[in-house]
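Only the coordinates and a few stated rules stand behind these numbers; no lab work does. Everything numeric in this text was worked out from a predicted model, so none of it was measured. All Cβ positions, glycine included, derive from the backbone under ideal geometry; neighbour counts span all protein chains shown.
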């Protein structure tokens, strides 16, 4: 029965199927809002699901000379990691006792697997534009990951040094959300901007920049493999705001979390539609110098209890 329960959690709820369905719906909201900003009507609500099903029915073409294992490993890493992340987030929010020592570190690794999958897939495509996109993805990962880790350190400090995800949520239940402090606000801003970069949304859509490198690491992908990349992005669009709420806004084990979640989604979409794309060197400077210094300041403030 335990195996059946685990498989159900991973495949159905709250894992792959649930996260994919909600994530694809969020991509429709994103496309609809973007269209209205551009004075267009936008697609119907079922369009993301139709696009996903259409890709599943198309042939998957593997570039000549590329490694089949690595070519399919890239998108598979993202789907598996986001499914596990969804299970962990829901389990530890609704049952903090299920948390274990170091689970926050496991989550950091799971979040790293999605960009690593893009890097592996782009590098295996044997296409120069895909290689450029994979190189940009790697550089951007190193850019946002440093301040992102500093922001997590702020949360850990405010939770009394706990690296158990459940304890971080319980600490907020006892003393109030970390967001309602100066260092908590800084952590939230840093994580939000890192989320924007993890999703490769404007202004951080540098790895795929369609006008420059024609979708970058995805250029040789089609059919099921491309559908896996698309659904990974959709699942991240769902799980990353939940991760942010869990870390600094008291968790999402209550109905108020829906409003918190929608607010974060709106912020992500607004940032996406009100900024131009940065160059990769500009993104590096932005995260390492601007956001990096801000995150260190937040770490100092958290150390002094502010």
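Here are some notes:
- Our helix-only sum for the chain, with -39,500 (n - 2.57) per DSSP H run of n ≥ 4 divided by its residues, gives a mean residue ellipticity at 222 nm of -23500 deg cm²/dmol.
- Contact order for region 2-303, expressed relative to its length and based on alpha carbon pairs under 8 Å spaced 6+ residues apart, stands at 27 percent.
- Peptides 252-258, 18-24 ordered by packing proxy, namely the average of other Cβ atoms within 10 Å per residue, highest first: 18-24, 252-258.
- Between residue 303 and residue 126, residue separation times 0.36 nm minus the direct Cα-Cα distance comes to 58.9 nm.
- Helix 165-175 axis, angle to the chain major axis (alpha carbon atoms, nearest 10°): 40
- Pair residue 185, residue 34: separation of 7 Å Cα→Cβ label points (nm): 3.1
- A protection proxy built from the mean count of other Cβ atoms within 10 Å ranks the segments 81-87, 163-169, 117-123, most packed first, as 117-123, 81-87, 163-169.
- Label zone of residue 50 (point 7 Å out along Cα→Cβ, amide N under 20 Å): in region 9-32 this covers 21-32.
- Using alpha-carbon coordinates, inclination of helix 68-94 to the longest axis of the chain, degrees: 30
- Here the extension length gained between residue 263 and residue 288 equals 6.3 nm, from 0.36 nm per residue of separation less the Cα-Cα distance.
- Sites residue 108 and residue 5, calculated FRET efficiency, Cβ-Cβ separation with R0 25 Å, nearest 0.05: 0.45
- Helix 2-11 and the long axis of the chain differ in direction by around 60°, with both axes built from C-alpha atoms.
- Relative contact order of region 163-254: 39 percent, from C-alpha pairs under 8 Å at least 6 residues apart in sequence.
- The relative contact order of region 1-107 comes to 34 percent, based on Cα pairs under 8 Å that sit 6 or more residues apart.
- Protection-proxy order for peptides 91-100, 287-296, 234-243, 135-144, each taking the mean of Cβ atoms within 10 Å per residue, highest first: 234-243, 135-144, 287-296, 91-100
- Centre-to-centre separation between the Cα atoms of region 142-158 and those of region 35-70: 33 Å.
- Per-residue extension of 0.36 nm, minus the Cα-Cα distance of residue 60 and residue 210, leaves a gain of 51.9 nm for this segment.
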